[in-house]
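Note sheet for the following structure.
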Amino acid sequence: MDTLIVVATMTGTAEMVGEDVQAAIGAERSRMVLAERAQLEDLDGVETLLLVSSTYGKGEVPEPAKPFYAMLEAAARLPALARFGVIGLGDRSLYPETFAQGGQQWDRLLHSRGIVRASAPLLIDCSTCQDLSDTSIAWVKGWLREAMTEGSR
Ligand SMILES: Cc1cc2nc3c(=O)[nH]c(=O)nc-3n(C[C@H](O)[C@H](O)[C@H](O)COP(=O)(O)O)c2cc1C
C-alpha cells in the first residue's frame, strides 16, 4: 500500500513526526512531502493519505500549508484515494478553545471532498505529550490496518 504523508508545519514538530512515521512505514511504501511543496499530482497513485498538521492562528492550518489546502478545496475532482487519516498537533494548555483544530480542518476538508476516513484523527497535545513519534507510530499502525480492511466512518 502506497502512503503519502503530507506535513503541514511552521516550526518543524509535525515534520519530525512525519519523518519518524515514514521511517516506521518504510521508504518503499511511503513518501513524505511538505505541504508548501505539495501539488495535486502528488496524490496520483496514492492509496492512503496521511496529513500531519500543527495548528496556528485561530485554530487554522499553518500558513505555509494554506495554498495546498486551497488546492484541495478548489479541485474539480481529486484523484481516487482509498483512505485518509490525520494527525493533528496542538497545545491544549495555551489554546484550549482551538486545540488541534488545524488537524480537524484537514479532516473535515478531506471528508467533504468524498475521501473515506480510516480512523478518527489522532489529536496530540504537545504541551504534555513526551513521546510524539511513538504515539503517532502506534496510531498509524492501527490506521493502516483499518485502511486495509473496510475501515470507513
Ligand atoms: C503563534 C502560535 C499559535 C498557535 N495556535 C494554536 C492553536 O490555535 N491551537 C492549538 O492547539 N495549538 C496552537 N499552537 C501550538 C502549535 O500548534 C504546536 O506548538 C505545534 O506542536 C507546533 O507544530 P509545528 O512545529 O509543526 O509548527 C500555536 C503555536 C503558536 C506559536
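The values are calculated or read from the model by the stated rules, or taken from the named source; none is laboratory data. Treat the numbers as computed from the prediction; the structure is a model and nothing was measured. Heads up, the Cβs are rebuilt from the backbone with ideal geometry, glycines too, and the neighbour counts pull from every protein chain shown. Calculation scope for accessible area: heavy atoms of the full protein, side chains included, ligands and nucleic acids excluded. Shrake-Rupley method; radii C 1.70, N 1.55, O 1.52, S 1.80 Å.
Using only the C-alpha atoms, the convex hull of the chain corresponds to 98 Å³ per residue.
Each Cα pair under 8 Å and six or more residues apart adds its sequence gap; the mean of these over the residue count of the chain is a relative contact order of 23 percent. For the chain, the fraction of 1.4 Å probe accessible surface lying on carbon and sulfur atoms is 49 percent. Placing a pseudo-label 7 Å from each Cα along the Cα-to-Cβ vector at R108 and T135 gives an inter-label distance of 2.3 nm. Backbone geometry of region 56-69 corresponds, through the Karplus equation with coefficients 6.51, -1.76 and 1.60 at θ = phi - 60°, to 3J(HN,Hα) couplings of 9, x, 9, x, 10, 6, x, 3, x, 8, 5, x, 5, 4 Hz, x marking Gly and Pro.
Taking N as the residue count of region 41-98, its C-alpha radius of gyration divided by 2.2 N^0.38 Å amounts to 1.32. Using the rule -39500 (n - 2.57) for each DSSP H run of four or more residues, divided by the residues of the chain, the 222 nm mean residue ellipticity is -10500 deg cm²/dmol.
Looking at region 1-150, the DSSP beta bridges with both ends there are about 5 percent antiparallel.
Site-free segments of the chain were taken between GluC sites (Glu not before Pro) in DSSP loops having at most 14 other Cβ atoms within 10 Å, sites themselves excluded; the longest one is 29-149. Dipole size of the chain about its Cα centre, with +1 on Lys/Arg Cβ and -1 on Asp/Glu Cβ: approximately 440 debye, rounded to the nearest 20. Per residue, the accessible area of the chain comes to 48 Å² when a 1.4 Å probe rolls over the protein heavy atoms.
Pairs of Cα atoms in region 1-80 fall into 5 Å distance bins, from 0 up to the last occupied one, in shares of 3, 16, 26, 25, 18, 9, 2, 0 percent.
The mean of 1/r over all distinct Cα pairs in region 64-153, once inverted, gives the Kirkwood hydrodynamic radius of 14.1 Å.
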